[in-house]
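*Asks:* Dropping a structure here in C-alpha cells format, bear with me for questions.
The values are calculated or read from the model by the stated rules, or taken from the named source; none is laboratory data. All of these numbers come straight from a predicted model, not from anything done at the bench. Don't worry about glycine lacking a Cβ; one is built from the backbone with ideal geometry, like all the others, and counts go over all protein chains shown.
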Amino acid sequence: MPVAFIIGTAGSGKSLFTAAFSDWLKMSKQDVAVVNLDPGALTLPYSPDVDVRNYVDVVALMENYGLGPNGALIMAADLIADEIENITREVEDLKADIVLVDTPGQMELFAFRASGPYIVNELTKESKAIVYLFDAVFSVNPLNYVSNMFLSAAVYNRFFQPQLHLLSKCDLLPKNEVDKIIDWSANPKALEYAIEQKLEDMKRLFSRNMMRAITQLGLKFMLMPVSAKTNDGFINFNMALERILVGGDKYTY
Ligand SMILES: Nc1nc2c(ncn2[C@@H]2O[C@H](COP(=O)(O)OP(=O)(O)OP(=O)(O)O)[C@@H](O)[C@H]2O)c(=O)[nH]1
Ligand SMILES: [Mg+2]
C-alpha cells in the first residue's frame, strides 16, 4: 500500500491538510486511510483509521517518569517504534489503496531522531512519499523561506524518499504574494534577488550562502500552492503524488 507522510514545522497545517485532502480523495471515490502518528495531539480535524494515541499516552509518561512535555514526546516516539509491527498490521488490515500519515507537531521528533526513519521504513515496503509543508504566511519573508528550505533539505537527508513540497494555507495570502513565493521555488535567481532586496548584513550573507549551498546540492523545492480551507491546488498536488506512488494511475479504480 502506498503511503504519503505529511511533514512540516509545528503548526504548518499538517493535520488540517490531512483532513481536507483525505475528504477530497473520498469524494473522488478513492479508498484512502488516515493514520495519526502524533502522540501529543489533543484534538484532530479528522477521525483517524489508525491512531498512535491508542498505543502511547503522553500524559501518563510525563506523570510516571517525571518528564516534561518534550521528554515525554521523545519517549513516546521510541515506544511507537517498538509498536510498529502492530501499527503496521492495523494499517494493512484496512486494505486501503492510499494511506495518509499525519506526523507529530514537532517535526524534529519525527525527522531528526532514529524512530522516524525507522517507522517510515517499517510501515510499508511499497512506494512512499514525503510531503513537506511550507507555511505560506511564514514563508513570505525570504529569511524564513530559506530557513525552511534548509529544514526540508535536512528532512530529505534523513529519509531519502521522493519528497513533494507544498505551500500551505495559500488562502491567507493575496495571489501575487503566493506567486512570488512559488517563483522563488522555481527560480533561484528570483530568490537571490529578494534576499538582496529585503535582507541586510549577516542575514543577507547567510541566506544567500545557504540557498546557494542547497541549490548546488541539486535539490529542487518546486512548491505547489494549496489550501486546506478551499481545496485549491489539490488537483495538481494529487497528480504529482499519483506519479510518485502509483506511476500516474489512480489509487482506486
Ligand atoms: N486559513 C487556513 N488556515 C489553515 C490551513 N491549514 C491549517 N490552518 C490553520 O493553521 C492552524 C494549524 O493547523 P494544523 O493543521 O493543526 O497544523 P499542524 O501542522 O498539524 O500543527 P501541529 O500538529 O500542532 O504542529 C490551525 O488553526 C488551522 O486551522 C489553511 O489551508 N488555511
Ligand atoms: Mg497536527
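*Asks:* Of the conditions (1) over 15 Å from Ser185 (Cβ atoms); (2) out of contact with any strand residue (DSSP E or B) (no Cβ under 8 Å at 6 or more places or on another chain), Glu126 clears all except one; give me its number.
*Replies:* All conditions pass for Glu126, except number (2).
*Asks:* A further question on this structure: Please go through (1) aromatic (Phe, Trp, Tyr); (2) farther than 30 Å from Arg89 by Cβ; (3) surrounded by fewer than 20 Cβ atoms within 10 Å (Cβ to Cβ); (4) in contact (Cβ under 8 Å) with a residue 12 or more places away in the chain for Trp184 and return the number of the only condition it doesn't satisfy.
*Replies:* In the conditions (1) aromatic (Phe, Trp, Tyr); (2) farther than 30 Å from Arg89 by Cβ; (3) surrounded by fewer than 20 Cβ atoms within 10 Å (Cβ to Cβ); (4) in contact (Cβ under 8 Å) with a residue 12 or more places away in the chain, Trp184 misses (3) alone.
*Asks:* Pairs under 8 Å by beta carbon, first residue not assigned by TED's automatic domain parsing to the domain that holds Val101 and modelled with pLDDT of 95 or more in segment 8-29, partner near ligand 1 (Cβ under 7 Å from one of its atoms) and in a helix (DSSP H, G or I), six or more apart or different chains?
*Replies:* Gly8/Lys14
*Asks:* Given segment 113-209, what helices (runs of 4 or more DSSP H) lie entirely inside it while holding 3 or more residues that are of a type outside the set (D, E, K, R), in contact with a Lys or Arg (Cβ under 6 Å, 6 or more places away or on another chain) and closer than 23 Å to Ser22 by Cα?
*Replies:* Ranges flagged: none.
*Asks:* If you check Lys229, Lys220, which single one turns out to be within 18 Å of Phe17 (Cα to Cα) and of a type in the set (Lys, Arg)?
*Replies:* Going through Lys229, Lys220 in turn, just one is within 18 Å of Phe17 (Cα to Cα) and of a type in the set (Lys, Arg): Lys229.
*Asks:* For segment 210-223, which positions are touching a His at 6+ places or on another chain (Cβ under 8 Å) and assigned to a loop (DSSP other than H, G, I, E, B)?
*Replies:* If the condition is that a residue be touching a His at 6+ places or on another chain (Cβ under 8 Å) and assigned to a loop (DSSP other than H, G, I, E, B), then Phe221, Met222 are the ones that fit.
*Asks:* Let me ask you something else. Of everything in segment 232-253 that's surrounded by 13 or more Cβ atoms within 10 Å (Cβ to Cβ) and over 17 Å from the mean Cα position of the chain (by Cα), which residue is farthest from Tyr132 (Cα to Cα)?
*Replies:* This residue is Thr252.
*Asks:* Provide a single number: the residues in segment 104-140 that are free of Cβ contacts under 8 Å to residues at least 24 places away in the same chain and within 16 Å of ligand 1 (Cβ to nearest atom).
*Replies:* Selection size over segment 104-140: 1.
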